[in-house]
Every structure is written in C-alpha cells, then in structure tokens.
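The values are calculated or read from the model by the stated rules, or taken from the named source; none is laboratory data. Note that this is a predicted model, so its numbers are computed, not measured. Reconstructed Cβ throughout: ideal geometry from the backbone, glycine too, with neighbour counts over all protein chains shown. When the accessible area is computed, the model is the full protein with side chains, heavy atoms only, and any ligands, DNA or RNA have been set aside. Shrake-Rupley method; radii C 1.70, N 1.55, O 1.52, S 1.80 Å.
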Amino acid sequence: MGTNMNTSVHRTWKKPPFIQSPLLRWGLVVGAAIYIALAFGTMDVNWSRVADGIPRGQRFVSAFFPPDFVSRAGDILDGILESLWITIISTVAGIAISIPVGLGAARNLSPRPVYLASRAVLAISRTFPEIIIALFAVKLFGFGPFAGFIALSIGTLGFYGKLLAEDIEDMDPSQAEAVKATGAGWFQWLNYAVQPQVMPRMIGLGMYRLDINFRESAVVGIVGGGGIGATLLTSFDRYEFDSAAAILLIIIGIVMAVEYSSSYIRKWVQ
Amino acid sequence: MPVAQTGSDRIWKRRDRRTQLTVWAVQLSCLMVFVYCWSLVSDKTIWEFVYDAPHQAGDMASRMVPPAWDYMDQLWVAIWDTINIATLGTMMAVVLAFPIAFLAARNTTPSVVFVRPIALFIIVSSRSINSLLWALMLVTIIGPGVLAGVLAIGFRSIGFCAKLLYEAIEEIDTTQVEAVTATGASGPQVLHYGIVPQILPAFAGISVFRWDINIRESTVLGLVGAGGIGLQLNASINNVAWTQVSLILLVILGTVIVSEWVSAKVRHAII
Amino acid sequence: MLRLTDLVKQYKTGDKALKNVNLEVPDGQVMALIGPSGAGKSTLIRCVNRLVEPTSGKIHLNDLELTTLGQGSLRRTRRRMGMIFQEYALVERLTVMENVLSGRLGYVPFWRSYFRKFPQADVNEAFRLLERVGLDHMVDKRADELSGGQRQRVGICRALIQNPELLLVDEPTASLDPKTSRQIMRLIRELCEERKLSAIINIHDVLLAQMFAERIVGLQLGEIVYDGPPDGLTPDVLTQIYGEEDWEATIEKVDDEDELGDDTPPQQQAATSN
C-alpha cells in the first residue's frame, strides 16, 4: 500500500504553456523586453516641461467644474453647427457615390474589369487618414467647410463602399437566382433580390458612419477644413481651458446622442 | 391593412396610408435638411477655388514627382517614433481598459448604480474625442513630443478597447461561470477560471485590431506636434517641398500596409 | 414542347456535368428527374432557363432556340418558364405579396416594380393564386415568418403568376417533412393539370417521384440511363441509377402508401397543418 501511494503522490502537473516551442516562447519574451527598453530609451522627453505641465493640467481638469459655455458662445455655436452640416452632407454624398462603386466592387455582380477598377478606387480612398486628405483638400479648395466635406466624403466612400461590396458578396445566392429566373431586368433584380438583403445592415452602417464623420469633422478644423476643430484649436492656443472644456463636453454629448439614436434606428429597421 | 376591397378587385398596396405618409414625410424632411446644409456650406465656399482645383491638383501632382528619395535618411527616426507611439499607446490602453471593462460589464460590475455609470462615462468620453484632439490637449499641457502622442493614442484607445471588451464579457456563457462558482470558488477565482478564459481570444483580437488602427492614427499626430512622421509631413508642406511630401505619403502608405499585414497574421495565429 | 438536343455542360473545373443529353418533354407532361447527388439534375434544369450557360447543344421551347438568345429576349423567354426552388429561395425580407408579385417582374417596367404599382390584373391573379394554395390571409406577412410548407406554396405562386408554359422544379421537398412533401407534390401536380403545364421536377425521393409523375427520367453522371413510366423502376434500374442497394423495400412501399394516401383537399390541409 505505502509504496503505491508514494508513486501517485509525486506526479506533478503544470499548465502547458500557450506557445509550445520554448525557443520561440523565450525569444518572443526577450524580443518584447528589448523592444520596450529601446522604445522608452529613445523616447525624447523633456521632463522639466512635463513637470511644468502638471499645474496646467490641474487647471485644465478644474476647468470642467464648471465649463464656460457663455463667453465664446457665438463661436462655439457656429463651429458646432458647421461641424453638423459637414457631417450630414459628407455622409449623404459619400454614401451616394459609394453605392455605384460598391456595386462595381462586388465580385458576384460585376465583370472583372469593373470589379478591379472599383476595388482600386476603394483601396485608394481608404489608405490615408481623413485628416491628411483634408490637409490636401484645404490646399486645393481653400480654407473652409468645403475642404472638410471633400475629405470626409472620400473617407465615407472608402469605408461604406468596401462594406457594401462585401455585404453583396455575402448575400444568399439562391434568392438572387430565383428573382433572376422570373425574367427580371437588371435594375429590377437589384431592387428585389439585392436591396432587401443588404438594406438593414447598410442602414446601420450608414448611421455608424454618421457617427464617425461627426467625430472626424471635429478635427478637420485643425488643418483648416471648417467646423468646431478650429474653435477648439483657438481656445487651446489662448489657454482658455474653460471654453475648451465646454466644447469637449458638447462633442461628447452629440456623439452620445448620435450613438443612442443610431442603435434605436438599427433596432427599428431589423 | 394595406389590402382593400373595391368592387370585385382587391387592392394591394405595400404600405397603408398612414405609414406611406410617414415615409414620405421622413424622406421629404431628410431632403430638406440636406439641401439646407448644402446651401450653408456652399455659402462659405469660394467657388473660384473649387473650379480651379483640378488644375491645381494636376500642378501639385506634377511637382511631387519624383519623390526625394535621399530625404529618406531623415525619416527613419520618424518611422520608429510613429511605431512606438502606436505600440506603447496601445499597450497602455489595453492595461487600463481591462479593469474598466470588468467594471462596466453588467454581469461583473461591483455596483450597477455607482460604479457602472462611471466606467461607462470614462469609455464614452475616451471614445468621443478623436486622438488628434487628445494630442492637441496633451501638447498644450505637457508640451510637444512623443510622450504626448503615446498618451493621446492611449487615452483614445481605452474607450475603444474597453467597449468591445465589456460587450464580450456581457455575452459570455453563464453556465461555465455557474459551474466554477458551484465548486465554491471565491470572486477573483471565478473571474480567473470562469470568465477570463472565455474572453481572452476576444481581448487579444481587439488589441491587435486597435494597434492596426493606431498605426494609421499615429501618422497624423505630428500635425499638432505630438511626434511621429506627421511632424515631417507638416514641415514639408509648410516649406512647399512637394517631392518630400510625396516620399512621406509613400512611407505612410507602406507603414499602413505592413501593419495591416502584421495584424492579419497575428490575428490569424491567435484565433 | 421542350426539346434538348446534345446538351453538354462542362464546368471551368473540367467536370462534365451533362454529356450529350437528348430529351423531349411534350406539353402537359409532368416528368420527374431522379438520380444521385452530382448526377447533373440541377445543372440540367438551370441550363433550360440559362441560369447556367450550356457549353454546347440546343434547347428548343416550342420553336424558339434558347441557347443563342441575347439578354433581352432571354429575359422575355424566362417569363415563360416558372421555377420552383429547393429551400424555397424566397426573398426573406419581402412580404408574401411582394414575393408573389416578383413573378411579374419580367412583364412590368422598372418604375412600376420599384414603386410596387403592379397592374390590378396582376394583383387579382396574385390573390387568386394565394387563395388557391390557402395563404390569402398571410399577404402581408414577411417571408421569413412562414413555415417551410407555406414558403414553398408562396414559391409556387411566384412561379405560376408568370403564366408559364413550363415549370422547372428543383428539389421542391428537400427541406420539408414527409407529410408536407406530399402535399406540395400533390399541389404541383394538380396545378399542372389545371393549367395544362408541363414540368420537370428534380427529386431525390424515388417514392414521391413514382407517386406524382407520369414519366421518370433517371440521370447518372450526366447521362440519361432510364426513361419510362414510374412502374418501370425495377431494382435493376434503380441499381443502374444509384448503385448497389437493396431496392425491394422502396418499391413495395409504393403500393402500400398509394392506397393509404389521405384524401383531404389541399386547401384544408394548408389551413390545418401549419
């Protein structure tokens, strides 16, 4: 009895590691450690400037209690409204152009040359962040909301067109085939077979893009593309933290409102 | 009912009268809002510039070629900084988002009335403010440099990661949690054995996904002075050095493509 | 009359789905096409309305040659051939009425179909058909709210409202329970008789084929290996079509069940069984 017990008691167990090969495992750990050391080591931080910043940071935080909506009310209102206009028209225009491009970029809908061309358009418009596009739009179209509108429309095209094309490629082919078999024309086929299948998701994504465009419209102003960003930049430059706090709170409020209503609309279209 | 009887015919309409009128009203008001917004934007536009834009664009493009390849020597440090901003910022965000997500998830929060709203408010404010705005704030407070960029990316990403993560936590399989609780495990043990294993793949996926987005975003933080390749872009545009600008755009393009490739590979390895 | 001459379909992968098929379906004949999975049944009926393009051969619908038609005339010809699908293939987010009316798409201009302003005659016909299959109380239900049998009835209405000369039916019972399967097959058979339609029915279930078709064609690896009356399906023939198996039980059951078949009219069944 006693000897039997001994052999079974001494069996040890350890959780098997996530990465089996010890060489790779330790290699990754050491590599990560070296990377982090290098990253921090090469980071050029002016600590005295950071220390100077601490009281300024405290002033900024305290500016939220209470924020100052009043003294720059006119500028803030103009900026916010301009941001909203940019958001709305760029979302609508962006989606409007992305529909033909998205149809072209769906493999099951388009002949190969159209497919490749549409995919290329989408890839190009997706590559650069909206703010870089806005930078160039300002150079071309001058300061003001038009540049922001162009930048956000291009961003919307890349985002929405790609998702639309993917959604069409994922649709149920049997429903599409059935409508085609009735002798429907191409547009009738789009209207009866494709549209009902992709519409609910696309409305949801449209609302989501509206949300993204509002957030982006708040920054295109930093490079001169119109909207609240310019007002915010000015108030930071003048160290008017209480106005800046007010603007930030308004942005947060509007984003929350858009998000809440978009989730409501998404439930409604299901 | 959209079906009505008139004599021997049964009329069918897609919608009944009230729904149809509502639909028309909604469509009309959307159209009016759009036209109104357009007229406001159009008022603030100098159309001469817009008409001239194609010509300008052609001119700009012709001045961009060929890219100033020898300028590349000065870009390596900027690329290194850009990657560091994205990576360290993501790491910071992930570490902070983990506890916040547990506080925000309905099924793990210690208090639905007190703690959850605070956690949700942190998530919403972090998400609502673009990383460029965070950078703007941080540059004003702690001065320009890479540190402001890292913090900006970090602050922006906390909300993103925490939101996706707490949604994953709320969708976990409760029977597994019950089974662990039934063994008599304490709260932290239930967390460790019942919940964490279920959300770990989602957590890793979210981190890599956000890192990919952050690479893209960190390329522009330099526009407000928060380090990275955006600094060079801004400087080159201000100096109208278009051949340098085109090189920087190519570098950004390359970085974005490589990061997309890396994140796809890593996600593939995890899942 | 439908006539297939030397029909060949070779897929891009090199698989020959149909090898020189010659087939003639006279007006008013209900024909069942049986055969194992991959025998080319689906390909054959999809070649007829050119959802699949045949590689070579000719298809005549009465005197019209179909394989050379251009886009416009192909659409006009598709109107003359109603198709009923496996898994129903209804557009799930449209209502029952919209699904039925989609059968008229080949007849109405785009703007009418877009605004759902179909001619009153079409709407009347749709109501009559829905009444015939026992679904006129569900006009405004969305297709994804219906049960399998109900969906297939809507699919049948969509095919019939085209006012076709020929029905192409692809595995109509593949996802239905045995009782509903019989009701659907009986409905198709009755409607074909009422309207003097000919039909090609792809079907897995040999028993159902024997019960409801007047002619059976067996397809194996893209070739016709049997063409004759339902009672000519001997164990030898079935072995030739499907391969070695004990077929006695399958065939004997036919006689039993034919006598047992319930005599409830289809409208009533529709109302009770769903």
For region A:73-269, the Cα gyration tensor yields equivalent-ellipsoid semi-axes (√(5λ), largest first, whole Å) of 38, 19, 11
In the protein assembly as shown, taking the dipole from +1 charges on Lys and Arg beta carbons and -1 charges on Asp and Glu beta carbons about the Cα centre, the listed residue (A:Ile34, A:Ser83, C:Ala32) farthest towards the positive end is A:Ser83
About its Cα centre, region C:98-181 carries a charge dipole, from +1 on Lys and Arg Cβ atoms and -1 on Asp and Glu Cβ atoms, whose size in debye to the nearest 20 is 240
Here the relative contact order (percent) of region A:112-257, from C-alpha pairs under 8 Å and at least 6 apart, is 26
A 1.4 Å probe over the protein heavy atoms gives region A:73-269 a carbon and sulfur accessible-area percentage of 68
Relative contact order as a percentage, chain A, C-alpha pairs under 8 Å and 6+ apart, gives 25
Note to self: with every protein chain in place and a 1.4 Å probe, region B:37-110 gives an accessible area per residue in Å² of 55
Counting only DSSP loop positions in region B:138-218, the GluC sites (Glu not before Pro) whose Cβ has at most 14 other Cβ atoms within 10 Å are B:Glu171
Non-local residues with an amide H under 5 Å from the amide H of C:Phe85, with H modelled 1.01 Å from N and Pro and chain starts lacking one, are C:Asp170
Highest GNM mean-square fluctuation among A:Ala73, A:Ala257, A:Ala178, for chain A with Cα springs under 10 Å, belongs to A:Ala178
From DSSP H assignment alone, runs of 4+ in the protein assembly as shown each adding -39500 (n - 2.57), the sum over residues rounded to the nearest 500 puts [θ] at 222 nm at -20500 deg cm²/dmol
Taking a label point 7 Å from the Cα of A:Glu166 along Cα-to-Cβ, the residues of region A:108-150 whose backbone nitrogen sits under 16 Å from it are A:108, A:119-120, A:122-127
For region A:169-270, the percent of all C-alpha pairs falling in each 10 Å bin, from 0 up to the bin holding the max distance, is 14, 28, 21, 17, 12, 7, 2
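What is the average number of partner chain Cβ atoms found within 10 Å of a Cβ in C:84-91?
If you average over the peptide's residues, the count of other-chain Cβ atoms is 5.
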Sorting B:Ala148, B:Pro201, B:Ala105 by the position of each Cα along the dipole of region B:74-270 (Lys, Arg +1; Asp, Glu -1; all at Cβ), the one nearest the positive end of that ordering is B:Ala148
Karplus ³J(HN,Hα) for region B:75-85 (6.51 cos²θ - 1.76 cosθ + 1.60, θ = phi - 60°; Hz, whole; x = Gly/Pro) runs 8, 4, 4, 4, 5, 4, 4, 4, 5, 5, 4
dims of chain C, Cα set, principal axes, largest to smallest, nearest Å -> 54, 47, 32
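Assigning unit charges at the beta carbon (Lys, Arg +1; Asp, Glu -1) and nothing else, what dipole magnitude in debye, to the nearest 20, does region A:107-166 show about its Cα centre?
Numbers: 6 positive and 2 negative charges, 47 e Å.
Using only the charged Cβ atoms, the result is roughly 220 debye.
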Partner shielding of C:101-113, taken as the mean number of other chain Cβ atoms within 10 Å, equals 5
Per the rule of 0.36 nm per residue minus the C-alpha distance, extending B:Tyr51 to B:Gln176 adds in nm 38.6 nm
To the nearest 0.05, the calculated FRET efficiency linking A:Ser261 and A:Ala73 through their beta-carbon distance, R0 being 35 Å, is 0.90
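Pairs of Cα atoms under 8 Å, at least six residues apart: use those to get the relative contact order of region B:74-270, whole percent.
28
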Rounded to a whole %, the carbon-and-sulfur portion of the accessible area of chain B at a 1.4 Å probe is 68
Under a 1.4 Å probe, counting only protein heavy atoms, C:Met31 has an accessible area in Å², nearest 10, of 0
Counting only protein heavy atoms and rolling a 1.4 Å probe, one gets per residue an accessible area for region A:73-269 in Å² of 36
Expressed as a whole number, the average count of other chain Cβ atoms within 10 Å around the Cβ atoms of B:11-21 is 3
With every protein chain in place, the residues of region A:130-147 shedding 40 Å² or more of accessible area versus the chain by itself (probe 1.4 Å) are A:Ile131, A:Ile132, A:Leu135, A:Phe136, A:Lys139, A:Leu140, A:Phe141, A:Pro145, A:Phe146
The Cα extents of region A:88-149 along the principal axes, largest first and rounded to whole Å, are 41, 21, 16
Of B:Gln74, B:Gln56, B:Gln20, the most mobile residue in a GNM of chain B (C-alpha springs, cutoff 10 Å) is B:Gln20
Taking a crude spin-label model, label points 7 Å out from Cα along the C-beta direction, the A:Arg112 to B:Asp43 distance in nm is 5.4
Cα pairs beyond 21 Å in region C:175-236, in percent, come to 27
Using alpha carbon centers only, region A:206-259 is separated from region C:28-79 by a whole-angstrom value of 60
Expressed in µm² per second, the diffusion coefficient of chain B from the Stokes-Einstein equation, with Rh the Kirkwood radius over alpha carbon pairs, at 20 °C and 1.002 mPa s, is 93
Ignoring ligands and nucleic acids, chains A and C bury, in total, an accessible area (1.4 Å probe) to the nearest 100 Å² of about 2100
Under the Karplus relation with 6.51, -1.76 and 1.60 and θ = phi - 60°, whole-Hz ³J(HN,Hα) for region B:155-164, x at Gly and Pro, equal 4, 5, 7, 3, x, 4, 5, 5, 5, 5
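Note down the Stokes-Einstein diffusion coefficient of region B:1-111 in µm²/s, whole number, using a Kirkwood radius over alpha carbon pairs, 25 °C, and 0.890 mPa s.
Once the numbers are plugged in, D ends up at 108 µm²/s.
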Checked against the positive end of the charge dipole of region A:5-73 (+1 on Cβ of Lys and Arg, -1 on Cβ of Asp and Glu, about the Cα centre), the farthest of A:Gly53, A:Leu23, A:Phe65 is A:Leu23
Output row, site C:Asp227, 7 Å Cα→C-beta label point, backbone N cut-off 14 Å, window region C:1-20, residues C:2-8, C:19-20
Expressed in angstrom and rounded, the centroid-to-centroid distance over alpha carbons for region B:39-73 and region C:126-204 is 61
Projected area averaged over all directions for the convex hull of the alpha carbon atoms of region B:56-134, nm², comes out at 8.6
If every Lys and Arg gets +1 and every Asp and Glu gets -1 at its Cβ, then about the Cα centre chain B yields a dipole, in debye to the nearest 20, of 940
Sorted by chain and number, the residues with a modelled amide H under 5 Å from that of C:Asp227, at a separation of 5 or more or across chains, are C:Gly218
Whole-number value, in Å³ per residue, for the convex hull of the alpha carbons of the protein assembly as shown is 270
For chain A, the helices passing both cut-offs (Cα extent along own axis of 18 Å or more, Kyte-Doolittle mean at least 0.0, full DSSP H runs) are A:22-42, A:73-104, A:112-127, A:145-169, A:195-220, A:241-269
Checking B:Leu164, B:Leu249, B:Leu40 against a Gaussian network model of chain B (alpha-carbon springs below 10 Å), the top fluctuating residue turns out to be B:Leu40
The extension gain from A:Asp44 to A:Ser174, computed as 0.36 nm times the residue separation minus the Cα-Cα distance, is 40.8 nm
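Compute for chains A and B the buried accessible surface, both sides summed, probe 1.4 Å, and express it in Å² to the nearest 100.
Roughly 5100 Å² of accessible surface disappears when A and B pair.
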